[in-house]
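Worksheet for the structure shown next.
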Amino acid sequence: GAVVSQHPSRVICKSGTSVKIECRSLDFQATTMFWYRQFPKQSLMLMATSNEGSKATYEQGVEKDKFLINHASLTLSTLTVTSAHPEDSSFYICSATTGGTDTQYFGPGTRLTVL
Amino acid sequence: GNSVTQMEGPVTLSEEAFLTINCTYTATGYPSLFWYVQYPGEGLQLLLKATKADDKGSNKGFEATYRKETTSFHLEKGSVQVSDSAVYFCALEEQAGTALIFGKGTTLSVSS
């Protein structure tokens, strides 16, 4: 099956710094990637939808200037958490789809801890 | 808006017991329905799916039937194993290629 990777798997940073998370589709071209956030013992909440070559579409309540998303190629999307604060600590998960299909492939997630 | 409601866990079973995890949804139109599984320390994996009413998705002994009349997609397995211990998420996709809407997840713990 299709594989999606995320890097890093875990990151710890100081408050006020920025962190970049990469999401890659390893064996297929992803026209659309989604970024989700999962709080402990809670469900995944969609943060934004990223289409290759265009600006990401953010969900209501998600600050686009804080969570910068770039989808520069068909195999890579990045999420940058700018000026991170402890409340940004969470599990961030990306998924990718080739478009026109109802199958999404999920990455393994990135655990962000902001001290 | 669209939503997914799952039974709350944790669900604790003995090996070879019968499993049911309830899932109901609210949606306009005709969504596709999914069950994903998340093993400890791993990412989400698609377990099974159904794209239209009365479809039955099945995989690894798990089954779920898309019931439009009851807006349900309950997950069942006749005989669970210790290796089935994981968190199970029910999800819907309103249109192909759009983001999934997830339930809160149900933790299953199976003991030998």
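Just so it is clear, none of the values below were taken in a lab; they were calculated from the coordinates. What you are looking at is a predicted structure, and each value in this text was computed from that prediction instead of being measured. Cβ coordinates were reconstructed from backbone atoms using ideal geometry, including for glycine residues, and neighbour counts include every protein chain displayed.
Of everything listed in (1) over 30 Å from residue A:110 (Cα atoms); (2) of a type in the set (Ser, Thr, Tyr); (3) buried (at least 18 other Cβ atoms within 10 Å of the Cβ), the single unmet condition for residue B:106 is (1).
Each residue in the range B:82-91 was checked for being surrounded by fewer than 23 Cβ atoms within 10 Å (Cβ to Cβ) and within 10 Å of chain A (Cβ to nearest Cβ), and 1 pass.
Yes or no, residue by residue, for (1) away from every other protein chain (no Cβ under 14 Å); (2) touching a residue at least 24 places away in the same chain (Cβ under 8 Å); (3) over 15 Å from residue B:108 (Cβ atoms):
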residue	(1), (2), (3)
B:42	no, no, no
B:53	yes, no, yes
B:64	yes, yes, no
B:80	yes, yes, no
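Any residue at all in the range A:64-87 that's away from every other protein chain (no Cβ under 11 Å) and within 30 Å of residue B:11 (Cα to Cα)? Yes: the range A:64-87 contains one or more residues that are away from every other protein chain (no Cβ under 11 Å) and within 30 Å of residue B:11 (Cα to Cα). The set of residues in the range B:101-112 being within 7 Å of chain A (Cβ to nearest Cβ) and touching a Phe, Trp or Tyr at 6+ places or on another chain (Cβ under 7 Å) consists of B:102, B:103, B:105. Taking strands (runs of 3 or more DSSP E) as the structural unit, those lying wholly within the range A:14-108 and holding at least 1 residues that are acidic (Asp, Glu) correspond to A:19-25.
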